[in-house]
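Report on the structure given below.
The values are calculated or read from the model by the stated rules, or taken from the named source; none is laboratory data. What you see is a predicted model; the values in this text were computed from it and never measured. FYI the Cβ positions are ideal-geometry reconstructions off the backbone, even for glycines, and counts take in every protein chain you see. The protein model used for the area step is the full one, side chains on, heavy atoms only, and it has no ligands, DNA or RNA in it. Shrake-Rupley method; radii C 1.70, N 1.55, O 1.52, S 1.80 Å.
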Amino acid sequence: MFLVTGANGQLGNELRLLLKERAVYVDKDELDITDAAAVAAFAAAGRFSAIVNCAAYTAVDKAENDRETAHKINVDGPRNLAATGIPLIHISTDYVFDGSNCRPYKETDIPNPQSVYGTTKLAGEQAVLETAQTAVIIRTAWLYSNFGNNFVKTMRRLGSERKELNVVFDQVGTPTYAADLAAAIVRILPQITPGMKEIFHFSNEGVCSWYDFAVTIMELSGLNCRVLPIESKDYPTPAKRPFYSVLNKSKIKHTFNLSINHWKESLQKCLQKQF
């Protein structure tokens, strides 16, 4: 039996569809991962073969003024889960990098987060590696799905309400369909070996800007909304975003024998489902 934390989020909901009765699903109301005693007791009672931690403080801009809460959820929570001794898959982010690269980031590249969110997520990775007996950390980026709030849903809503939209073109990365990440996790779970402590990168294949992504969303959704490219300086945010966060996925593909879809193919699959 597996334990999935943060089960009401995008990735947690996709894992529900795949793991079904093979897992116990908890969100903050069922288990507060920042409470070390509660986590230890829950883990001891459950006899779980692995934990998948999808819980995270992901309000990137809000985190700039809410460092304490972000730290509890993104650092203390993963540490508490790792301390159970149960093999852990922990989800992290491209925001651990500063975005100054001009080639896809490898797991061995030195992190340099530029925001509270990125800083706490990096500290969470370090806490897991220091505390866990067995852990797989998966950094992902630009996550979207049919669940929760995400860029695809926002663009579809705005595209149906407006004739024109401004979207930044100077931030480049790769969208990740949460269903594809969930499928990768399900494939990885039986391949985790005792004592393994590794970081991996996962996103869909290909590269695009947020502008390119928005244009494609409108086209595939049949929305008659013109998307205009703007620079990040014309859309200031409290938290600094990485300008380039394409992830090199060679390691995860080779280690776990994964094949990964191109982002456009996965976007089309997502849009074909009922929103």
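How much of Met196 can a 1.4 Å solvent probe reach, expressed as accessible area in Å² and rounded to 10?
Looks like 30 Å² after rounding.
What's the carbon and sulfur percent of region 204-275's accessible surface, probe 1.4 angstrom, rounded to a whole number?
47 percent
Taking the solvent-accessible surface of protein heavy atoms with a 1.4 Å probe, what is the per residue accessible area of region 138-183 in Å²?
For region 138-183, the per-residue accessible area is 39 Å².
Treat each spin label as a single point 7 Å out from the Cα along the C-beta direction, and report the Gln191 to Lys251 distance in nm.
With each label placed 7 Å out from Cα toward Cβ, I get 1.4 nm.
Over region 142-182, what percent of the accessible surface lies on carbon and sulfur atoms, probe 1.4 Å?
47 percent
Provide the gained length on full extension for the span Asp61 to Ile230, in nm with one decimal, where the gain is 0.36 nm per separating residue minus the Cα-Cα distance.
Here the segment from Asp61 to Ile230 would lengthen by 58.9 nm.
Just tell me which lysines come within less than 16 Å, Cα to Cα, of Lys249; anything on the same chain fewer than 8 places away is out.
Lys106
Quick one: length gained pulling Ser49 to Glu130 fully straight, 0.36 nm per residue minus the C-alpha distance?
Contour length minus Cα-Cα distance gives 27.2 nm.
When each pair of different Cα atoms in the chain is counted once in the 1/r mean, what is the Kirkwood radius in angstroms, to one decimal?
Its Kirkwood hydrodynamic radius stands at 19.0 Å.
Out of residues 5 or more away from Lys197 or on other chains, whose amide H comes under 5 Å of its own, with H placed 1.01 Å from N in the peptide plane?
Excluding prolines and chain starts, which carry no amide H, the hits are Ala135.
How tilted is helix 263-272 with respect to the longest principal axis of the chain? Cα atoms for both, answer in degrees (0 to 90, nearest 10).
90 degrees
Would you compute, from DSSP H runs of 4+ residues alone, the mean residue ellipticity of the chain at 222 nm, taking -39500 (n - 2.57) per run and dividing by the full residue count, rounded to the nearest 500?
Rounded to the nearest 500, it is -10500 deg cm²/dmol.
Relative contact order (percent) for region 93-139, with alpha-carbon contacts under 8 angstrom and 6 or more residues of separation?
Across region 93-139, relative contact order equals 42 percent.
Give the angle, between 0 and 90 degrees and rounded to the nearest 10, that separates the Cα long axis of helix 10-19 from the longest principal axis of the Cα atoms of the chain.
Roughly 60 degrees, rounded to the nearest 10.
Points 7 angstrom from Cα along the Cβ direction at Glu30 and Lys269: gap in nanometres?
Roughly 2.5 nm, to one decimal.
So between Leu258 and Arg103, what do we pick up on full extension, going 0.36 nm a residue minus the alpha carbon distance?
Using 0.36 nm per residue and subtracting the Cα-Cα distance, I get 53.7 nm.
If you average the sequence gap of Cα pairs under 8 Å that are 6 or more apart and divide by the length of the chain, what percent do you get for the contact order?
21 percent
Please give the FRET efficiency for Glu219 paired with Ala37, using the beta carbon to beta carbon distance and R0 = 35 Å, rounded to the nearest 0.05.
0.10
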